[in-house]
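Participant: Here it is: the structure, laid out below.
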Amino acid sequence: MEQRLTFITLGVKDLQKSIDFYENKLGWKPSEMSTKEIVFYQLNGIHLSLYPLKELAKDAEVDPAGNGFKGFTISYNAKSEKDVDEIIDALRKKGVNIIKEPQKVFWGGYSSYFSDPDDNLWEVAFNPFL
């Protein structure tokens, strides 16, 4: 299998609420591939898609009732510690749930976490090694 990633699809409980979050809180624009059933956001080389949780579980033939920590995070790498602070401050002002305040971390970077309406964890980090 070729080493690449094309789509990350998040199963969401309320598609309209999630669309509002990604478009009005994060300021993202949907791609032309989006429909009323699924929305796509073109990122740097990959797509993030939002799809109703029950439909995604049905497609994968799994139970949609999972809860708690999902075992993964999605990361946005900022250009500096100041950028991390500014991004988190702007999200906080829009009512976004900040999970972890910006701080220096054990691996030598600077990091913070927020959650989307389905409690998916987003990390905003500055990695001085990239």
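Participant: Looking at the stretch 53-67, can you tell me whether even one residue there is in contact with a helix residue (DSSP H, G or I) (Cβ under 7 Å, 6 or more places away or on another chain), among the acidic types (Asp, Glu) and assigned to a loop (DSSP other than H, G, I, E, B)?
Facilitator: Checked against the condition, which is being in contact with a helix residue (DSSP H, G or I) (Cβ under 7 Å, 6 or more places away or on another chain), among the acidic types (Asp, Glu) and assigned to a loop (DSSP other than H, G, I, E, B), the stretch 53-67 yields at least one hit.
Participant: In the stretch 93-120, how many are open to solvent by less than 60 Å² (accessible area, probe 1.4 Å), more than 16 Å from ASP20 (Cβ to Cβ) and acidic (Asp, Glu)?
Facilitator: 0
Okay, residues lined up against (1) surrounded by 10 or more Cβ atoms within 10 Å (Cβ to Cβ); (2) more than 20 Å from SER112 (Cβ to Cβ); (3) in contact with a Cys (Cβ under 6 Å, 6 or more places away or on another chain):
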{"site": "GLY11", "(1), (2), (3)": "yes, yes, no"}
{"site": "PHE21", "(1), (2), (3)": "yes, no, no"}
{"site": "TRP28", "(1), (2), (3)": "yes, no, no"}
{"site": "GLU37", "(1), (2), (3)": "no, yes, no"}
{"site": "PHE40", "(1), (2), (3)": "yes, yes, no"}
{"site": "ALA60", "(1), (2), (3)": "yes, yes, no"}
{"site": "ASN77", "(1), (2), (3)": "yes, no, no"}
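Participant: Considering each of LEU15, LEU50 in turn, give the residue that is closer than 30 Å to PHE126 by Cβ and surrounded by 12 or more Cβ atoms within 10 Å (Cβ to Cβ).
Facilitator: Matching residue, one of LEU15, LEU50: LEU50.
Participant: Quick one: GLU81 ticks every box in (1) open to solvent by 100 Å² or more (accessible area, probe 1.4 Å); (2) within 27 Å of LEU130 (Cα to Cα); (3) of a type in the set (Asp, Glu) except a single one, so which number is it?
Facilitator: With (1) open to solvent by 100 Å² or more (accessible area, probe 1.4 Å); (2) within 27 Å of LEU130 (Cα to Cα); (3) of a type in the set (Asp, Glu) applied to GLU81, the lone miss is (1).
Participant: Among (1) farther than 27 Å from ARG4 by Cα; (2) in contact (Cβ under 8 Å) with a residue 24 or more places away in the chain; (3) surrounded by 17 or more Cβ atoms within 10 Å (Cβ to Cβ), where does GLU123 come up short?
Facilitator: For GLU123, the failing item is (1).
Participant: Same structure again: Condition test on GLU86, is it open to solvent by 60 Å² or more (accessible area, probe 1.4 Å) and under 29 Å from PHE129 (Cα atoms)?
Facilitator: Yes; evaluated as a whole, the condition is true for this residue.
Participant: Determine whether the stretch 25-39 contains at least one residue that is closer than 25 Å to ARG92 by Cα, of a type outside the set (Val, Ile, Thr), in contact (Cβ under 8 Å) with a residue 12 or more places away in the chain and touching an Asp or Glu at 6+ places or on another chain (Cβ under 8 Å).
Facilitator: Yes, the conditions are met somewhere in the stretch 25-39.
The values are calculated or read from the model by the stated rules, or taken from the named source; none is laboratory data. Not measured: the values here are computed from a predicted model. We place every Cβ from the backbone using ideal geometry, glycine too, and count neighbours over all the protein chains shown. Note: areas computed on protein heavy atoms with side chains; ligands, DNA, RNA excluded. Shrake-Rupley method; radii C 1.70, N 1.55, O 1.52, S 1.80 Å.
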